[in-house]
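One structure is given here, and the rest of the page talks about it.
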Amino acid sequence: MRIGELSRRTGVPVPTIKYYVREGLLPPGELSSPNQAHYDETHERRLRLIRALLEVGGLKVAAIAEVLGAVDDPSRPLHKVLGSAADRLGGEGVAGDGAEADAANAAVGALIARRGWRTHESNPAAADLSRALAAMAWLGHGAFTELLDEYADAAELVARADLGYVDRRVAVEDRVESVVIGTVLGEAVFNAMRRLAHVDASARLYGTGAEEGPGELEGPGGSGEPEGPS
């Protein structure tokens, strides 16, 4: 297909497609003349992946380039590809200091050891968790660390589900791409489902049935009436 057709199929503007090619995110099309290139379904698939990582996964172009580099490296084990994708999800804040930060770091280190997780405290996700716990402690909610094992139980269940999906893919390229999708977009899926579950749990725990507020479930018509059994 011509670049215009590729643009129509994916919703990515032609100048953006050319930018992705220049940046190495998208392989160049096959030249049919000095000023004309043709693209195929592999370009369309890659563009859809880039767009999803950018718009839903929230990754920056530089991070996407690193992730796709891992995807395109045939010698890279799936575990390393997953690590490359997961590392791009983390925050970029500077590690804090003080009593709260020290306590948070200790709590995260103890969690990793207690769960027997085959990772290290230097993992970017561990640093993100430490920063979040330190911020909660600074706000007077240091007791939140008491919930870490319950969160870990849920996280392990979700991780097994993610990788179970990857194992169902047959082609190697499908499995590698599935690792990235399950890691980056799966994060967005889980966060959205967690918010939905919060609304439901809050309604069940604190709702009186007589008052309605912004946190209550609404039906399709926006009437404020929750759907399903009460």
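The figures follow:
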quantity	calculated
Complete set of residues in the range 29-54 that are exposed (fewer than 14 other Cβ atoms within 10 Å of the Cβ) and under 21 Å from the mean Cα position of the chain (by Cα)	Arg45
The range 55-73 - residue that is open to solvent by 60 Å² or more (accessible area, probe 1.4 Å) and touching a residue at least 12 places away in the same chain (Cβ under 8 Å) and, of those, farthest from Thr10 (Cα to Cα)	Glu66
Pairs with Cβ under 7 Å, 6+ apart, first in the range 169-192 and over 15 Å from Asp73 (Cα atoms) and among the basic types (Lys, Arg), second at pLDDT 75 or above and open to solvent by less than 30 Å² (accessible area, probe 1.4 Å)	Arg169/Ser178
Residue list for the range 6-20, filter: loosely packed, with under 14 Cβ neighbours inside 10 Å, over 12 Å from Ala37 (Cβ atoms) and without any contact (Cβ under 8 Å) to a residue 12 or more places away in the chain	Arg8, Pro13, Pro15
Meets criteria (touching a helix residue (DSSP H, G or I) at 6+ places or on another chain (Cβ under 7 Å) and either open to solvent by 60 Å² or more (accessible area, probe 1.4 Å) or not polar (S, T, N, Q) (or both)) for Ala125	yes
Verdict on Val21 being in contact with a Gly (Cβ under 7 Å, 6 or more places away or on another chain) and of a type in the set (Val, Ile, Thr)	no
Arg2 vs. criteria more than 21 Å from Ala188 (Cα to Cα), touching a Phe, Trp or Tyr at 6+ places or on another chain (Cβ under 9 Å) and not β-branched (Val, Ile, Thr)	yes
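For every residue, the table says whether it meets (1) at pLDDT 75 or above; (2) loosely packed, with under 10 Cβ neighbours inside 10 Å; (3) of a type in the set (A, V, I, L, M).
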{"residue": "Ala132", "(1), (2), (3)": "yes, no, yes"}
{"residue": "Ala135", "(1), (2), (3)": "yes, no, yes"}
{"residue": "Leu147", "(1), (2), (3)": "yes, yes, yes"}
{"residue": "Tyr151", "(1), (2), (3)": "yes, no, no"}
{"residue": "Ala159", "(1), (2), (3)": "yes, no, yes"}
{"residue": "Val170", "(1), (2), (3)": "no, yes, yes"}
{"residue": "Val184", "(1), (2), (3)": "yes, no, yes"}
{"residue": "Arg194", "(1), (2), (3)": "yes, no, no"}
{"residue": "Gly228", "(1), (2), (3)": "no, yes, no"}
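The values are calculated or read from the model by the stated rules, or taken from the named source; none is laboratory data. Note that the structure is a prediction, hence the values are computed from the model and not measured. With ideal geometry, Cβ positions are generated from the backbone for all residues, glycine too; neighbour counts draw on all protein chains shown. For the accessible areas, the whole protein counts, side chains as well, though only heavy atoms, and no ligand, DNA or RNA atoms are used. Shrake-Rupley method; radii C 1.70, N 1.55, O 1.52, S 1.80 Å.
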